[in-house]
Amino acid sequence: MDRSQKADTVAQLNAVFNEVGVVVVTRNLGLTVDQSTALRGKMRDAGASYKVAKNRLAKLALKDTDYTGIDEFLTGPTALAWSEDPVAAAKAAVEFAKSNEKLEIVGGSMGTQVLDEAGIKALASMPSLDELRGTLVGLVNAPATKIAQVVNAPANKLARVFGAYAAQDAA
């Protein structure tokens, strides 16, 4: 990499760090190309991104962002996963690390809050933003459905009574 490519990489990473909701630092302990491709696919499916970046360039990109606390994790063969949804990147990384011992979760950050490995795993166990929205819609919708059933129940009973009298008179 020449100096201009490094500057571009730092600028791109800095822009990413200013936009995302969570950054997860992982350690690559010998992933094959196929395994790395599978990990990137899982990240993409979850709405997250995964990139191997030089530690020195990543540390430069962290300056003047909320994620400056994760520079202590950037030693050795590391890679960064990030997403706007605070749970997506952590969930995808932890799920992949469970099935592949060559990926180790080092730590990460959610805004200014630095998280260790246990914190990232706890974050991954939380429901995603879409799951929370679905739960809220269900909770809001349930009382409305019950109210409609209660309001309609007397009318339905009255209609059945009239129907029974009509059938009795016809007989």
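What are the lysines whose alpha-carbon lies under 17 Å from the alpha-carbon of residue 63, with same-chain residues fewer than 8 places away excluded?
6, 54
What percent does the relative contact order of the range 36-171 come to when contacts are Cα pairs within less than 8 Å and at least six residues apart? Kindly include the intermediate steps, with their values, before the conclusion.
Working: 123 pairs, mean separation 28.2, N = 136.
Reported relative contact order: 21 percent.
Relative to the longest principal axis of the C-alpha atoms of the chain, give the angle of the C-alpha long axis of helix 129-170, reported between 0 and 90° and rounded to the nearest 10°.
10 degrees
At 1.4 Å probe size, with no ligands or nucleic acids counted, give the accessible surface of residue 157 in Å², nearest ten.
Estimated to the nearest 10 Å², residue 157 gives 130 Å².
With each pseudo-label sitting 7 Å past Cα toward Cβ, what's the residue 8-residue 141 distance in nm, one decimal?
Taking the simple label geometry, residue 8 and residue 141 are separated by 4.7 nm.
Take the alpha carbon atoms of the range 43-65, find their center, do the same for the range 72-117, and report the distance between the two centers in whole angstrom.
11 Å
Take the Cβ-Cβ distance between residue 131 and residue 100 as r, set R0 to 25 Å, and report the resulting FRET efficiency rounded to the nearest 0.05. Please list the in-between numbers first.
Working: r = 24 Å, r/R0 = 0.98.
Calculated value: 0.55.
Straight-line reach from residue 157: which lysines have Cα under 29 Å away, leaving out those fewer than 8 places along the same chain?
In chain and number order, the partners are 146.
If every alpha-carbon in the range 43-171 counts as one equal scatterer, what log10 I(q)/I(0) does Debye give at q = 0.11, 0.18, 0.21 1/Å?
Each listed q corresponds, in turn, to -0.54, -0.99, -1.21.
Roughly how big is the chain's charge dipole about its Cα centre, with Cβ charges of +1 (Lys, Arg) and -1 (Asp, Glu), in debye to the nearest 20?
200 debye
On the full set of protein chains, 1.4 Å probe, figure out the accessible area of residue 136 and give it in Å² to the nearest 10.
Near enough 110 Å² of accessible area.
With a 1.4 Å probe and all protein chains in place, put 137, 161, 23 in order of accessible area, largest first.
Working: 137 100, 161 70, 23 0 Å².
These residues rank, largest area first, as 137, 161, 23.
Using only Cα atoms, figure out Rg for the range 67-107 and give it as a multiple of 2.2 N^0.38 Å.
Ratio of Cα Rg to 2.2 N^0.38 Å: 1.20.
What whole-number volume per residue, in cubic angstrom, does the convex hull of the C-alpha atoms of the range 1-91 give? Walk me through the numbers before you get to the answer.
On the way: hull volume 8.9 nm³, N = 91.
Looking at the range 1-91, the number lands at 98 Å³ per residue.
Return the lysines within reach of residue 91: Cα separation strictly under 21 angstrom, same-chain partners fewer than 8 residues apart disregarded; answer none if there are no such residues.
The reachable lysines, counting only those whose Cα sits under 21 Å from residue 91, are 42, 51, 102, 121.
The values are calculated or read from the model by the stated rules, or taken from the named source; none is laboratory data. Bear in mind the structure is a predicted one, so any value in this text is a computation, not a measurement. Here the Cβ is made from the backbone with ideal geometry for all residues, glycine too, and neighbour counts use every protein chain on show. Surface accessibility is based on the protein's heavy atoms, side chains included, excluding ligands, DNA and RNA. Shrake-Rupley method; radii C 1.70, N 1.55, O 1.52, S 1.80 Å.
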